Amino acid sequence: MSEARGEGRDRSGNPTFVVGCVDEDHRGSEGGGMKNEGEMRKGEEEDEDYDSPPERQIVVGICSMMKKSNSKPMTQIMERLCKFEYITVVIFPEEVILNQPVDKWPLCDCLVSFHSKGTNQRFPLDKAVEYAKLRNPLLINDLNMQFYIQDRREVYRILLEEGIDLPRYAVLTRDPDRPEECNLVEGEDHVEVNGEVFPKPFVEKPVSAEDHNVYIYYPTSAGGGSQRLFRKIGSRSSVYSPESCVRKTGSYIYEEFMPTDGTDVKVYTVGPDYAHAEARKSPALDGKVERDSEGKEIRYPVMLTAMEKLVARKVCLAFKQTVCGFDLLRANGHSFVCDVNGFSFVKNSMKYYDDCAKVLGNMVMRELAPQFHIPWSIPLEAEDIPIVPTTSGTMMELRCVIAVIRHGDRTPKQKMKMEVRHPLFFSLFEKYGGYKSGKLKLKKPKQLQEVLDIARLLLAELGQHTDYEIEEKKGKLEQLKTVLEMYGHFSGINRKVQLTYLPNGQPKASSEEEEGPKEGPSLLLVLKWGGELTPAGRVQAEELGRAFRCMYPGGQGDYAGFPGCGLLRLHSTYRHDLKIYASDEGRVQMTAAAFAKGLLALEGELTPILVQMVKSANMNGMLDSDSESLTDCQQRVKVRLHEIMQKDQDFTEADYEKLAPTGSPSLVGSMKIIGNPVRTCDQVYALIQSLTSQIRRRLEDPKSADLQLYHSETLELMLQRWSKLERDFRNKSGRYDISKIPDIYDCVKYDTQHNATLGLEDTLELFRLSRALADIVIPQEYGINKAEKMDIAQAYCLPLMKKIQLDMQRTHEDEAVNKLHPLYSRGVMSPGRHVRTRLYFTSESHVHSLLSIFRYGGLLDEVKDQQWKQAMDYLSAVSELNYMTQIVIMLYEDNNKDPGSEERFHVELHFSPGVKGCEDEENIPLGFGFRPASAENQEKQTNQGSLEDLSQDETDRALPLSETVSIKRSPMSRNRKTGSMEALSETLPTSSKGASYRLFPSCSRQSPEIKQTGLGFEGCSMVPSIYPLETLHNSLSLKQVDKFLNAVCEHSSDAHAKTMKALSALFDTSNQGYGQAPPSESPVRRPPAKALSGDPPAKALSSNSCPAPRMSAMASGPSSTVSSSGPSSPTSVNPAIHFSFSEYTATPSPDPTEELEDNTTPGSTPY
């Protein structure tokens, strides 16, 4: 066995790094400088009178399993530690640790010892404790505390005692001696553990920290099932399972699931004043481990905030582990500790190895050789100097992308209304708190089962009656029963029941109800079903997500040369701040999840992506709308619309003035197709009758018995939806219900696209006529004249407009962003840059309304701005905002312009009408392409540099604005033929001036550039079914847009103040907190929120003040010693940088429950 030399050096003078021996003489006083504690003290006393340093070495012993002792991080750090003049490192052999008594173990002055599993055996932690008692070395990591770290219950207890934020949790201990700790009640979408309720999604962790089989259970509304995490096996770290029931054996911690947007942060401390953090893709997202070309898991260093540094300090001190790793979840604007791993090193970071050895060496020398007066020397003292990225020329840097997107292709939405008075319905209404607000929405399986049970019971009671009224009610109950029994199981995404309290019964709403309303209260039951995202809708969303990457600067390394891969590069290096919001409708949420899957190149099921990446934004109606609660203006518009459409004569000039005052070509064209609206409705009704009779004949044909239609629909179900439309469209008096036109168009569009193989006659004619009617009814329901359109649009979009305004204003600094650490980021030459992306998925109403605001809100003057006039002409020609319609805002920054200049920030507005319909492509209105020329920029032909410093990072290039804005092109000359490739390609030569850039291709085949790679990467992924983005305007200033949004929001706020006052008077006390967690019911165990939350919105956006004094709490000695491997982000925002205009006023968050970007209170979102 090798020995440690007395001076810690070999004959060449290099540092000594030895494997400790167990020879008797080695443990003695003459064993090559490895002396016991008494001799060390004696040596120190003898040397006190001399100026020269002692020759005796400080021995650092490494006592761990061989796999850990010989690991690359340990070897790298110990080699650096040996470079300290008076430190020698000795590794304890594994066989000695396992088989020899502790008095035979090598001597050391400082012990690095930690528990781990070996190849076949566990580390004997009790023996290490015994050794420490015997030899009393300086302990780098406390040994007794390591027993606690092996039990997650103890870890959580200690974290709680230290006031460290952690998810809300409860412990289920299956111990016969402690039955009071084993109360588990499992429901369909929740578990109750010892009285604590955890709705899905929740996490189930074994109490043993050595057991890595952690399960996450998903709600039925997201698809159910569970994600099963485990120790990495190859490139897998988790798998999705359809199993939704919790484990019935073993003890577990159940905790609230924290939505982290698919990212985990791992923190590594070296003492209380140093912390290094790395981010990686969450193992629960799709279970695929991202690895580099050498097979190592890809992680990127990120910066910790000031509060996170304080948490790291607390964890290090609480567990008495100098070298300690723990997991941090960044969710809802806060950081939560969810696991403490004990001794843990960073892998593959030379800078960390240098820092770690320096910190440990200083620590050992200060403790064991105080006579040297080693000062505290924490690495990276100058790290808080902001890294200011540079650009060359006048290249615009992409800073923010905001997109509002309609959901994908869905099954036809269907609805049935009936008035109910049976006591069982009133009992159900009361049971679920319907009287608090007068309304009740039932979506959960248990609730829907109760409605089904009532329907079955009432049908049994009504069995023998032949009265007409009874028969009609019986028919509706039969329909209620049939719909609820569909699929053989319940899912909130597929069906829901709404109950509304009517104090005096339902007034006569249509000519169907010839008798007067009955006296006394009743409930209006509305059953909604259908409207699910189809497989085609999922594909559309995923493909659009892939194509969406093309808006971001180009890739680097493995991604170089592939259009759209710059986004993957930005996201994987944590320079992409992405948030995805969706309304609470299942089809919208699934669209958002599918889009995220395509955007970020994820794999596997949508459920884990939905739960982790998509935030439900049911906050003050930001993306949701209650279609049952129409504004006064909408009611008036609908009445006028119905009056005009009920005239049995050709449209007159007066009708054109009344119905199309804006002169929209698409509207006027549809009115010309219709001519006489009543006669057209007659034709539509006759075609529906023909269709239902054809379906009945098919049903009678034995060959069609087992015919399966698209998305598992049967002929019976198809007949049901068409028969219902036939019944509802024309009432007994022969008048047509115009509100059914969208439903008819919805159904015929669905069958034309998905069930065309049935070969039903006249479906195309029905499609043509119903589309013409729908092209009038649908857009005009959102207002007939400009004033009405604005009034209704503001009612829908005010919260969303405010949120968009905040997104654009808060682009630069955000503490909650996973920011790449500049000093540790090899291969990433612009670590200080990050792009903010905010995606809002919603329904047709919000898309129509938002477009109305941009069109009629006074953003620009059509007379003065030719580009805007052309854009308005294009929008007027668009007849339908189909599935996957997109409104995209892109914000660029020119770092060469003065921060106070209006030219510093540049805004572009883009639009796509979504999925292509069945119409002839020759009739498609033509836009001007993606980012065409604007009049102001015609003269700017100079080379405008690059996004990144090209001398360092050549391939991370943005598209130069000089090239995109200098192309003048007639919209009529753009190639619309199938097979034309008009994709934006980062690989185009910079000198090409004659081609029109297309963001999304309009072709059905791949580009030649992509095919030649042979790698199968789709890059700018073909979306043949979705129209490409068209630029509405590409030379707006941020000041212009902000001023416009301010004006719209202020006008809207004034207009709605009276409405809101009236509404609050109706339900002043009973409706407080409806749909959100009460303020007092914070599910997170943490100190008062004041200590963690940022400034109020207005202050955070406009204050120049310094960070709060709370920072001083972090100091352990001199304040300058507080450090981290990453500088903390500034806690205040400089408005001179963000907003270069004096008219700026801070806009409050749309809702107090929604984060001012990320500060959402836990509980305000289901995911």
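The values are calculated or read from the model by the stated rules, or taken from the named source; none is laboratory data. In this text, all values refer to a predicted model and were calculated from it rather than measured experimentally. Cβ placement follows ideal geometry from the backbone for every residue including glycine, while neighbour counts extend to all protein chains displayed. SASA here: full protein model, heavy atoms, side chains in, ligands and nucleic acids out. Shrake-Rupley method; radii C 1.70, N 1.55, O 1.52, S 1.80 Å.
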* If you take the residues in the stretch 590-606 that are of a type outside the set (F, W, Y) and open to solvent by less than 10 Å² (accessible area, probe 1.4 Å), which one is nearest to Y883 (Cα to Cα)? -> T591
* **Of all residues in the stretch 204-214 being under 27 Å from K296 (Cβ atoms) and modelled with pLDDT of 95 or more, the one that is surrounded by the most Cβ atoms within 10 Å (Cβ to Cβ)** => K205
* Return yes when S241 is open to solvent by 10 Å² or more (accessible area, probe 1.4 Å), within 29 Å of K320 (Cα to Cα) and of a type outside the set (F, W, Y) and no when it is not. => no
* Which numbered condition trips up P661, out of (1) in a helix (DSSP H, G or I); (2) under 30 Å from R855 (Cα atoms); (3) not aromatic (F, W, Y)? -> (1)
* Kindly check whether there is at least one residue in the stretch 341-351 that is farther than 24 Å from L81 by Cα, in contact (Cβ under 8 Å) with a residue 60 or more places away in the chain, touching a helix residue (DSSP H, G or I) at 6+ places or on another chain (Cβ under 7 Å) and not hydroxyl-bearing (S, T, Y). => no
* Asked: What are the residue pairs meeting all of these: first residue in the stretch 68-89, first residue within 16 Å of Y268 (Cβ to Cβ), second residue open to solvent by 50 Å² or more (accessible area, probe 1.4 Å), Cβ atoms under 6 Å, and 6 or more apart or on different chains?
  -> P73/K347
* What pairs come up if the first residue lies in the stretch 900-919 and is closer than 14 Å to P1028 by Cα, the second is of a type in the set (K, R), and their beta carbons are under 7 Å apart, counting only those six or more places apart or on different chains? -> G914/R406
* **Candidate set: the stretch 495-510, residues that are part of a loop (DSSP other than H, G, I, E, B) and modelled with pLDDT of 80 or more; chosen: the one nearest to G434 (Cα to Cα)** => P503
* Asked: Counting only residues that are in contact (Cβ under 8 Å) with a residue 24 or more places away in the chain, open to solvent by less than 20 Å² (accessible area, probe 1.4 Å) and among the hydroxyl-bearing types (S, T, Y), which one in the stretch 222-238 is farthest from T607 (Cα to Cα)?
  -> S237
